[in-house]
Amino acid sequence: MKPATSIEKVCKVFHAFRSKPSMGITEVAERTGLLCSDVHRILRSLQHFGFVSQNPRTKKYELGLELLKLGHLVHERTELCGVARPYMRLLSEAAQATANLAVFDPQEREVLFVEQIDSPAEVQIRLRIGRRVSPHATSVGKVLLAHLDSETVAAIVRDLGLPKITRYTITDPAQFEKELETIRLQGYGADREEAVIGACCMGAPVRNHEGKVVAAVSISMMAAHVSRAEEPQLASLVKTAGANISKALGY
């Protein structure tokens with residue numbers, strides 16, 4: 001079904017703010033391909049209802065608090081987060097690390113963090129709920145890709161590439177395919193400073209009642225605190241958390 005023209009324009013304006021949090025009318029128009037007059041009318045209407053706000057000094061527009069309120073309602077009502085939260089707390093305490101929950105957005109082909117439990121340790125690695133990351137350089141991203149069909153993964157690698165984020169990022173398609181196969185065999189994925197220098201993550205799949213992988217749970221910690229000898233133990237904790245969440249979801 002073809003979307004209503006006016007709604008489509010509003011959605012384009014909202015999407016423009018995903019890549020830049022503060023913009024003027026002209027810049028929004030350039031990013032959306034809309035007329036400045038249309039953008040001005042849309043932003044003024046959204047401002048009236050609190051979905052955007054205007055900086056009185058710069059006159060630029062930003063997303064408003066009403067969106068935060070709506071997003072909070074969605075977050076609180078998400079069954080996945082509610083089910084996963086207690087197991088993530090146990091995981092965070094057992095591993096002395098930050099626990100994360102992420103899902104794959106098939107439309108944008110990105111990984112989205114939907115829940116996080118802070119590490120009880122003094123040093124924390126915060127990834128922020130709602131943050132989107134490229135799927136190839138994080139443990140949760142690799143776990144989620146490892147359980148997609150091969151055609152979808154090939155299209156993602158072809159269209160988005162495997163950009164180098166740190167010197168440890170896997171950028172070779174053949175090596176990346178082998179990495180995904182290893183994840184399927186061992187039941188967990190690891191990010192060894194591939195997304196952030198000094199940080200390591202380990203993630204495992206979460207399945208729904210049909211056995212489909214719908215999320216990935218992970219732990220994040222400083223690389224200095226993880227040795228090769230400790231990885232199997234930490235991986236076991238993550239895999240157990242993933243299995244427990246899956247069981248609670250009916251798997």
Worksheet item: If we restrict to alpha carbons, what Rg and Dmax does the chain come to, in Å?
Response: 20.1, 61
Discussion item. Normalised radius of gyration for the stretch 150-198, please: alpha carbon Rg relative to 2.2 N^0.38 Å, two decimal places.
Written reply: 1.17
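Which trypsin sites (Lys or Arg not before Pro) in the stretch 179-251 sit in a loop by DSSP (not H, G, I, E or B) and have at most 14 other Cβ atoms within 10 Å of their own Cβ?
212, 228
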Worksheet, complete the sentence: Per residue convex hull volume, Cα only, the stretch 5-68, in Å³ is 78
Worksheet entry | Fraction in percent of alpha-carbon pairs per bin - 5 Å, the stretch 200-251 | 5, 23, 27, 18, 13, 8, 6, 1
Discussion item. Stokes-Einstein diffusion coefficient for the stretch 161-251 at 37 °C in a medium of 0.692 mPa s, Rh from the Kirkwood formula over Cα pairs: what value in µm²/s?
Written reply: 234
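Bear in mind that the values in this text are calculations on the coordinates, not laboratory data. Computed from a predicted model, the values in this text were never measured in an experiment. Glycine gets a Cβ as well: all are built from the backbone with ideal geometry, and neighbour counts include every protein chain shown.
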